[in-house]
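To start, the structure under review is shown below, and the notes come after it.
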Amino acid sequence: MSISRMAWAVLNALQLVFTLLWTAGWICLALLVLLVTRSRRLPLRMAARCWAPGLLRGSGARLVVRGAEQVDWSRPHVVVANHQSMIDICALFRAVPVPLQFLLKQELARVPFVGRYARAMGMIFVERSSAREAARRTREATDLVAAGATLCVFPEGTRSRDGEVQAFKSGAFQIALDAGAEVVPIAIHGSGKVLSLQGLFHVRPGTIVVNIGRPISAAELADRQALAQRAREDVIALLRAA
């Protein structure tokens, strides 16, 4: 192993330790604040204003956000974004100026601290092994959005290894249709180079650009497949403009 590669390996190991300790600390504090205030708003804003920027700075990432002014954030929305890296969550917490909740893979529910925090913050876990359970979770997500929440979904269903935007699964768009909410397409560029899928924790400094598109009225596209296709096309266009 070259000296350069060894130096990066040591630095990434230190960044991993920092990431774990920083995340555990802020989760504990967020849960304490939730216990005292009985409200999710402040703990979720802590994620956006404290936890996420700390991890972005720790990775050496510079965040650029464009287009947020096009959205009336006082209304509930379903935010859909392409997915290249786990650091996408940090970027979205910072880019969206309102409390943000996520539709997450069921596997994350078993991650120490993270699963408990996500449940406490009202995040919804996707259950694919049971159609009945999946339908129940979809109803929960719909109720969450109908009550005024902004829900974020990665409709590709997994992280892209080559940066190409994969087909969008349509389930998230049924949530928007049933809740009567607009869909906000977001393109994230550069996150896969900052925190890639290569190795255990492969981090390199870089710029992450978050391009926020114009909201799509679900009422205009009553079919969820058509809505998914339109959102994917908008995300691809925003990604090319990044």
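The values are calculated or read from the model by the stated rules, or taken from the named source; none is laboratory data. Since the model is a prediction, treat every value here as computed from it, not as a measurement. So basically every Cβ, Gly included, is an ideal-geometry build from the backbone, and we count neighbours across all protein chains shown.
Some values worked out for this structure:
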item	result
The lone exception for Glu69 - which of (1) assigned to a helix (DSSP H, G or I); (2) of a type outside the set (A, V, I, L, M); (3) under 30 Å from Leu14 (Cα atoms) it fails	(3)
Near pairs, Cβ below 8 angstrom, 6+ apart or cross-chain, from the range 1-26 (over 25 Å from Pro112 (Cβ atoms)) to any residue that is at pLDDT below 95 and assigned to a helix (DSSP H, G or I)	Met1/Ala9
Given (1) under 22 Å from Ile89 (Cβ atoms); (2) surrounded by 13 or more Cβ atoms within 10 Å (Cβ to Cβ), index of the condition Ala226 fails	(1)
Qualifying residue in the range 98-114 (condition: farther than 28 Å from Leu63 by Cα, in contact with a strand residue (DSSP E or B) (Cβ under 8 Å, 6 or more places away or on another chain) and among the β-branched types (Val, Ile, Thr))	no
The range 139-160 - residue that is touching a residue at least 40 places away in the same chain (Cβ under 8 Å) and assigned to a helix (DSSP H, G or I) and, of those, farthest from Ala226 (Cα to Cα)	Leu144
Residue in the range 34-45 that is surrounded by 19 or more Cβ atoms within 10 Å (Cβ to Cβ) and either under 19 Å from Val210 (Cα atoms) or touching a Phe, Trp or Tyr at 6+ places or on another chain (Cβ under 7 Å) (or both) present	no
Residue list for the range 164-184, filter: modelled with pLDDT of 90 or more and in contact with a helix residue (DSSP H, G or I) (Cβ under 6 Å, 6 or more places away or on another chain)	Val165, Phe168, Phe173, Gln174, Ile175, Ala176, Leu177, Asp178, Ala179, Ala181, Val183
Leading residue by the ranking (nearest to the chain's Cα centre (by Cα)) among those in the range 197-224 that are part of a loop (DSSP other than H, G, I, E, B) and of a type in the set (Lys, Arg)	Arg214
Residues that are over 11 Å from the mean Cα position of the chain (by Cα) and surrounded by 24 or more Cβ atoms within 10 Å (Cβ to Cβ), drawn from the range 78-109	Val78
Pairs, first more than 23 Å from Lys169 (Cα to Cα) in the range 57-85, second acidic (Asp, Glu), C-beta under 8 Å, six or more apart	Arg75/Glu182
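Every residue, every condition in (1) free of Cβ contacts under 8 Å to residues at least 24 places away in the same chain; (2) among the hydrophobic types (A, V, I, L, M, F, W, C); (3) surrounded by 15 or more Cβ atoms within 10 Å (Cβ to Cβ); (4) on the phi < 0 side of the Ramachandran plot, yes or no:
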{"position": "Asp162", "(1), (2), (3), (4)": "yes, no, no, yes"}
{"position": "Gln174", "(1), (2), (3), (4)": "no, no, yes, yes"}
{"position": "Ala179", "(1), (2), (3), (4)": "no, yes, yes, yes"}
{"position": "Ile212", "(1), (2), (3), (4)": "no, yes, yes, yes"}
{"position": "Glu220", "(1), (2), (3), (4)": "yes, no, no, yes"}
